[in-house]
Amino acid sequence: MKTIEIVAPKHIAQVYAGALWSARKRAALVKKLNKVCYVRPEVRLDGAEIAAYSKVCGFTADHAVPLLYPQLLTFPLIMEFFASEHCPWPAMGTVHLANRVVQHKKLNPEDVLRVEMRTGQLLAHDKGQVFTLEFAMLRDGDLVWEGTMTALRTGVKAPVGAGYTSALQSDQPLSCQTTFSAGANIGRRYGLVSGDMNPIHISAPSARLFGFRQAIAHGLWTTARAMAALLPRQALERAELVVEFKTPLYLPGRPSLWSTHQVKGPHPHNTLFEVRNAKGDKPHLRAQLAFALAA
C-alpha cells in the first residue's frame, strides 16, 4: 500500500481548486480502488477549535471532545484523495451515504494523534458505485478512534462489488423528543469550523448551481446536533455510531428528533434515533448510538 504523508494541509482555496480540477474526471467503471494510505503524522486536538465546533453543534465543555469532532481531522486527507490520480471520480456530485465511528478510549483536548485514511471497498448500488474510505487515529501508538465513510458516485453503470445494504434495519417505534433550529446560516457556520465549504451548504444561490432549491445542512452537523440533544453532559469513554443519510435538510428548517432506547449492545447505553422534518413524516437521517460514559 502506498503511503502519502501530509504534514501541512493545504489552504482552503487550494483544497477547492483541487475539487474543481477533479471535475474533469469522468464517472468510470473500476474493478478496485488503488491501495493508498494518507497520513497526518501529528495532529493536536486544539482546545479552541473543539470549543468552536461544540458551540456550532450544541455541545458544552462538559462533553470534552465530541464523538464526531475527530472526523474533521480527516477532511484534508479526503480532499487530497479526491484531487489525486488515485480517485477515479470527481469530488463534486459525490453523495455522502453513511458514516460509522468507533471511539475506543476517551479523547482529551491537546492530545496528539496520528490520523490515517485508507481506501476501502467497492459496493454495487442501483444508482451507481459505492466506495468506502477507512480512518484510524492513534495516540502513542494505540488505536483510539476509527471510522468508515461510505459514499456514492452516481451515474456509474454496472457497478462492481457486493450489493450495498442498510446497516440499520429496525421496526422499533420512535417517539419525538424535541425539535431544534437549523438556521439559514448554519451551513456557513459549520463550514468555517469543519473546512467543508461545499457550495450546496453555503447559500441558496450556490446550492441552486448543483440542483438544490435551497442550501442544505451538512449531514455530520445534523448528526452532531442530534447527539448534543440526546447525550448527558459528560464525556464519553467509549462509543459507536452508525448513521445513514436519507433526505436533504433544507435551510432554514425546524427538524424534529425521534428516538428510542434499546437494551442490547456492548455498551450500557444504546439509542436508535432519527432526525425528521418538522411534521415527523420524512427522515433526514437514521442512526444508532451506543456509548459508555467516562468516570
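The values are calculated or read from the model by the stated rules, or taken from the named source; none is laboratory data. This one's a predicted model, so the numbers in the text were calculated from it and none came from an experiment. Cβ coordinates were reconstructed from backbone atoms using ideal geometry, including for glycine residues, and neighbour counts include every protein chain displayed.
Descriptive notes on the structure:
- Condition check for Glu85: of a type in the set (D, E, K, R) and either at pLDDT 95 or above or in contact with a Phe, Trp or Tyr (Cβ under 6 Å, 6 or more places away or on another chain) (or both): no
- Considering residues of the stretch 166-187 that are under 30 Å from Val15 (Cα atoms) and crowded, with 16+ Cβ neighbours inside 10 Å only, the residue nearest to the chain's Cα centre (by Cα): Gly187
- Lone qualifier among Glu237, Glu244, Glu274 - being surrounded by 15 or more Cβ atoms within 10 Å (Cβ to Cβ) and either more than 18 Å from the chain's Cα centre (by Cα) or at pLDDT below 95 (or both): Glu237
- Filter pass, Thr222 being at pLDDT 95 or above, surrounded by fewer than 20 Cβ atoms within 10 Å (Cβ to Cβ), under 16 Å from His284 (Cβ atoms) and among the polar types (S, T, N, Q): no
- Qualifying residue in the stretch 105-113 (condition: under 24 Å from Asn34 (Cα atoms), part of a strand (DSSP E or B) and of a type in the set (A, V, I, L, M)): no
- If the condition is being surrounded by 10 or more Cβ atoms within 10 Å (Cβ to Cβ), out of contact with any Lys or Arg (no Cβ under 8 Å at 6 or more places or on another chain), closer than 17 Å to Leu33 by Cα and aliphatic (A, V, I, L, M), then the stretch 142-165 contributes Met149, Ala151, Val156, Ala162.
- Selection count, the stretch 16-57, where residues are within 14 Å of Cys87 (Cβ to Cβ), modelled with pLDDT of 75 or more and either assigned to a helix (DSSP H, G or I) or of a type in the set (Gly, Ala, Ser) (or both): 0
- Check on Asn99, in a loop (DSSP other than H, G, I, E, B) and farther than 18 Å from Leu138 by Cβ: no
- The condition of being without any contact (Cβ under 8 Å) to a residue 24 or more places away in the chain and aliphatic (A, V, I, L, M) holds for only one of Leu249, Leu220, Leu209, that being Leu209.
- Filter result (polar (S, T, N, Q), farther than 16 Å from Thr3 by Cβ and crowded, with 21+ Cβ neighbours inside 10 Å) within the stretch 118-131: Gln129
- Pairs where the first residue, in the stretch 104-119, is in contact (Cβ under 8 Å) with a residue 40 or more places away in the chain and the second is surrounded by fewer than 16 Cβ atoms within 10 Å (Cβ to Cβ) and in a loop (DSSP other than H, G, I, E, B), C-beta under 8 Å, 6+ apart: Lys106/Ala294; Pro109/Asp46; Glu110/Asp46; Arg118/Met1; Arg118/Lys35; Thr119/Asn34; Thr119/Lys35
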